[in-house]
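The structure under discussion appears below in the form of structure tokens.
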Amino acid sequence: MKVIVMRPDQKIIQQWIEPDSKVLDLGCGDGSLLHYLRTTKNVHGIGLEIDGQKIQRGLEKGINVIEQNLDEGLSNFQSNSFDTVLLAQTLQALSRPDHLVDEMLRIGKKGIVTFPNFGNWKSRLYLSSRGRMPVSKFMPHSWYNTPNIHFCTVKDFDALCHEKNIKVLARTVVDLEHQGSWYMRAWPNLLGEIAIYHISKESD
Amino acid sequence: MPESIPTDSVGLVTPQVYKFDEPLTLRSGKVLPGYELLVETYGELNSSKSNAILICHALSGDHHAAGYHSESDSKPGWWDSCIGPGKAIDTNLFHVVCLNNLGGCAGSTGPTSINPETNKYYGPDFPVVTVRDWVKSQLRLMDRMEIPEWAAVIGGSLGGMQVLRWAISYPERLRHAICIAAAPKLSAQNIAFNEVARHSITSDRNFHEGRYLEKDTYPKQGLMLARMVGHITYLSDNAMRAKFGKSVSDFEQSSSENFGRDLRSGKLSFGFNVDFQVESYLHYQGERFSENFDANTYLLMTKALDYFDPTVDFEGDLSKAFINSDCKFLLMSFSTDWRFPPERSREIVNDLLKAGREVSYLEVEADQGHDAFLLPIPRYVKALSSYLQRVHDEGNSDAS
């Protein structure tokens, strides 16, 4: 049996996914998470990806991957056709993140969203001390060429969930090494670098 | 003739005849009393018989998909770029089966065969066969070859339609369906082009109501014209600009320079002769095709395309057709294909998703139009290769 190395954020995500369930991974990248889920939990997954090279790597891992642009919508997916819909580190690059979150919970019974937290103290310090949009290893692009067009903070996403009557089943923040700690749990919006949300429709 | 047969070729191959005496009831209601299928295979069938792949050919294809028939062949089979040892459809891993479909003109029973009832050529009396009929005959071939299930059924264009029919009619007999540059059914524009082709054949004075072989002739002009029109629909505007543009290799330069308007002899004739390279090319392609393809088969193949509509049994809903299609799917399309453009493949993908099927889909950037499915486009071939590695790995884990 092959040993599978998993990213730490994927470790957190995978514990929310039931064995034998159906998972739709929006922006699945090289398919490593779906591959892990299939191997360890017999998950039936489909990934959506727009980058040709990543699609190829997904095929090499033996996952199902569909070339599709998330900004063109998900109307080709049926309501309640998946157990979980994942959106990892892609929310901030979408033209209408709010619409996509709606779509996630239409298609899936539950959703998992991860995004870089712009409310992190490093971003705040950069902006307040230099007066310029933060550029770092964490966010390496300049404002004019970044694919990340809709940054948000943990508080912003909490507010969006509240407005949309979305139930937050679990919320975790971690640092770039995806390590959590008691102080991050205490001040998530200030200290968390990556936010991980497990959400569902309020009625569930 | 190749200097020597390349090492990644399946080498010299000999087609085999499979004779079927059991009558085949066709979709039209007509019955074909008996028939022969001409078949080629490449690579060994494994002991668990789990590594067989069926290749379905398109309009003008046949059983000769890879390798050479003799040392003096100038060209290998029509999909040699993808079939062979170490190639995308790896004959070191798979037992590959390809047949000439019923109604064809490359050796299986068709209009150029002798009708046992009349002892004359079938000609126009050969019944209209549909994609469904072909797949039925392929199933019988599979049973004869004692292959319990295909690891994959693969086809492009009209071949892709056979793949869909396999997945719908006999889902328990295949594990993967690989459908390339196809459509769920033809559009009015597609049918229109086919009708131009058919009309050019049937209006040729040498057509003789389809009984031209009895008169030792054939509708050469009509067949040429049919192929010329067809050929244009297989290419993209960009592909033609590049092919006939100033014999420069840089594609962008050629397209911006003269739109592919290379002249044949360097000047205009101010007459109605062939002035441009593209004209000369189409004449050549048409002529070569007309000498190697049967006109009645061309009519049959275009009708099979026109009639293909797997939704007829499912209230027009393709997703319902896939409800029992447990196999896994890979679809691919090509950006400049205007015969079966990417949107047509997406229609299939969306109906597969609606039916809850496992599906992968790629939209490959390629300038070559519909023809791309026959060409070694790197991204396409690499994806096919990786997917088939998965097919192979899954086949092995099932067997163990």
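Nothing in this text is a laboratory measurement; each read-out follows from the coordinates by a stated rule. Keep in mind it's a predicted model, so treat the numbers as computed, not measured. Cβ placement follows ideal geometry from the backbone for every residue including glycine, while neighbour counts extend to all protein chains displayed.
Here are some notes:
- The helix-only estimate of mean residue ellipticity at 222 nm for chain A, built from DSSP H runs of length n ≥ 4 each weighted as -39500 (n - 2.57), is -9000 deg cm²/dmol after division by the residue total.
- Which of B:W338, A:W182, B:W134 has the fewest Cβ neighbours within 10 Å, and the rest in rising order: A:W182, B:W338, B:W134
- A simple rule links phi to the HN-Hα coupling: the Karplus curve 6.51 cos²θ - 1.76 cosθ + 1.60 with θ = phi - 60°, which for the range B:114-129 gives 7, 6, x, 6, 10, 6, 10, 4, 4, x, x, 7, 5, x, 5, 9 Hz, with x for Gly and Pro.
- Over chain B, DSSP H runs of length four or greater, each weighted -39,500 (n - 2.57), average out per residue to a 222 nm ellipticity of -11000 deg cm²/dmol.
- Convex hull (Cα only) mean projected area of chain A, reported in nm² to one decimal: 11.9 nm²
- Residues A:I194, A:I50 arranged by fewest to most Cβ contacts within 10 Å: A:I50, A:I194
- Binning the C-alpha pair distances of the protein assembly as shown at 10 Å intervals from 0 yields a P(r) profile of 3, 15, 23, 22, 16, 11, 6, 3, 1, 0 %, listed from the shortest bin outward.
- More than 26 Å apart - percent of Cα-Cα pairs taken over the range B:186-307: 33 percent
- Counting only aspartates and glutamates at least 8 places from A:K54 when in the same chain, those with an alpha carbon closer than 14 Å to its own are A:D25, A:D30, A:E67, B:E363.
- Rounded to the nearest whole Hz, the Karplus-based 3J(HN,Hα) values (6.51 cos²θ - 1.76 cosθ + 1.60, θ = phi - 60°) of the range B:238-245 follow the sequence 4, 4, 6, 4, 5, 5, 10, x, with x at glycine and proline.
- Principal axis dimensions, largest first and in whole angstrom, of the range B:94-173 by Cα: 40, 25, 19
- Vicinal HN-Hα couplings computed from phi for the range A:91-107 (Karplus, 6.51 cos²θ - 1.76 cosθ + 1.60; Hz; Gly/Pro x): 3, 6, 9, 8, 6, 9, x, 5, 4, 5, 4, 4, 5, 4, 7, 6, 7
- Between amide H atoms placed 1.01 Å from N, distances below 5 Å from B:L330 occur with B:A177, B:I178, B:C179, B:S360, all of them 5 or more places distant or on a separate chain.
- Once the Cα gyration tensor of the range B:332-400 is diagonalised, semi-axes √(5λ) in Å: 25, 18, 7
- Filter on B:K87/B:K136; A:K22/B:K87; A:K122/A:K167 - keep pairs with C-alpha separation over 31 Å: A:K22/B:K87
- Least to most buried among B:D80, B:D317 (fewest other Cβ within 10 Å first): B:D317, B:D80
- Square roots of 5 times each gyration tensor eigenvalue, C-alpha, the range B:169-213, largest first, Å: 35, 17, 8
- Over the C-alpha trace of the range B:285-375, radius of gyration and Dmax come out as 16.2, 47 angstrom.
- Separation of alpha-carbon centers, the range A:86-119 and the range B:55-122, rounded to whole Å: 50 Å
- Close amide H contacts of A:C28 (hydrogens built in the peptide plane, cut-off under 5 Å, sequence separation of 5 or more or a different chain): A:L48, A:E49.
- Globularity index of the range B:14-140, i.e. its alpha-carbon radius of gyration over 2.2 N^0.38 Å: 1.13
- For the range B:186-307, lysine pairs separated by 8 or more sequence positions, or belonging to different chains, with Cα-Cα distances below 28 Å total 5.
- Sorting the segments A:34-46, A:106-118 by their residues' average number of neighbouring beta-carbon atoms within 10 angstrom, most packed first, yields A:106-118, A:34-46.
- Computed over chain B, the convex hull of the alpha-carbon atoms projects to a mean area of 21.0 nm².
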